[in-house]
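The values are calculated or read from the model by the stated rules, or taken from the named source; none is laboratory data. These numbers come from a predicted model, not from an experiment. Cβ: placed from backbone, ideal geometry, glycine included. Neighbour counts: every protein chain shown. Areas reflect the complete protein model, heavy atoms only, side chains present, ligands, DNA and RNA absent. Shrake-Rupley method; radii C 1.70, N 1.55, O 1.52, S 1.80 Å.
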Amino acid sequence: MKSFPGVGVAFRLAPAVVVFAVAGAVAIVAVVENVVDWNVAISIVFIGGLSLAFALGAARNHREQLVVIGLLLALVVLFVAAGVQEATTSFLGEGIAMMLAIGFLPLAMLLSIPLYRAGDTYRGAPADRSHRLLLTAASIPWMGGAFGYFFLQQYLRATRSLYSPKDLFIRSLFDIWPTVLILIIGAGFVYGVHRMTGADPT
């Protein structure tokens with residue numbers, strides 16, 4: 001009896017989906033209910049993200065890699081939620097803190113490389129891992145930064161602007177370019193990861 005197409009993939013994705021759903025929901029509630037402020041949230045994002053680099057290096061199989069990806073996605077949710085909360089409660093900053101955090105992304109990613117290598121050394125024995133999942137994990141922080149920037153800018157324009165809908169749309173087009181720049185830098189980083197780690201058919 002043949003299984004339905006995609007059942008195996010769905011089964012492997014299940015742990016990441018569960019981790020993302022639970023951790024993401026907790027992150028949003030924590031920020032909205034002011035359980036954590038911006039400083040605490042951003043500390044969790046970067047320290048947690050760096051520690052996950054070690055976990056990704058130590059992952060032995062696809063499922064463990066997917067769990068790391070789920071946690072990275074949850075950190076992106078916390079990052080964006082905290083950025084919006086900071087922008088709506090800080091009349092002086094208006095998202096400047098989040099912009100500085102996005103600017104810290106390149107340094108954080110460079111710091112994550114030695115931690116990934118350390119995790120790889122800790123794992124020691126060869127493992128059944130996916131190169132594509134590794135590149136997915138490397139791209140998530142950059143996509144999160146780009147999405148966070150664009151979403152925050154649109155949110156601020158929609159809630160604090162006296163422009164007409166047409167003017168808002170025209171002005172929002174200019175927000176595309178910093179987002180594209182973040183994605184281009186991220187693509188370069190992911191390509192570098194691809195070259196350093198070597199292609200894998202799995």
**Study point:** Qualifying positions in the stretch 119-141 - within 17 Å of ARG195 (Cα to Cα) and in a helix (DSSP H, G or I)
**Key:** ASP120, HIS131, ARG132, LEU133, LEU134, LEU135, THR136, ALA137, ALA138, SER139
**Study point:** the stretch 42-60 residues that are part of a helix (DSSP H, G or I), paired with ones that are surrounded by 22 or more Cβ atoms within 10 Å (Cβ to Cβ) and of a type in the set (Ser, Thr, Tyr) (beta carbon under 8 Å, 6 or more apart)
**Key:** GLY49/SER112; LEU50/SER112; ALA53/SER112; ALA53/TYR116; PHE54/TYR116; LEU56/TYR116; GLY57/TYR116
Check your understanding: Do any residues in the stretch 115-126 that are more than 14 Å from ALA138 (Cβ to Cβ) and touching a residue at least 24 places away in the same chain (Cβ under 8 Å) have Cβ atoms under 6 Å from those of residues that are open to solvent by 60 Å² or more (accessible area, probe 1.4 Å) and in a helix (DSSP H, G or I), where the two are at least six apart or on different chains, and which pairs are they?
Key -> ALA118/PHE54
Check your understanding: Is it the case that some residue within the stretch 2-12 is in a loop (DSSP other than H, G, I, E, B), among the basic types (Lys, Arg), within 30 Å of ARG132 (Cβ to Cβ) and modelled with pLDDT under 85?
Key -> yes
Practice item. Keeping to the stretch 155-179, report how many residues are closer than 21 Å to LEU75 by Cα and either modelled with pLDDT of 80 or more or not aromatic (Phe, Trp, Tyr) (or both). Key: 1
Practice item. Among the residues of the stretch 61-97, count how many are at pLDDT below 75, of a type outside the set (Val, Ile, Thr) and part of a helix (DSSP H, G or I). Key: 2
Point to revise | Output for the stretch 56-86, where each listed residue is among the small types (Gly, Ala, Ser) and out of contact with any Leu (no Cβ under 8 Å at 6 or more places or on another chain) | key: ALA58, ALA59, GLY70, ALA74, ALA81, ALA82
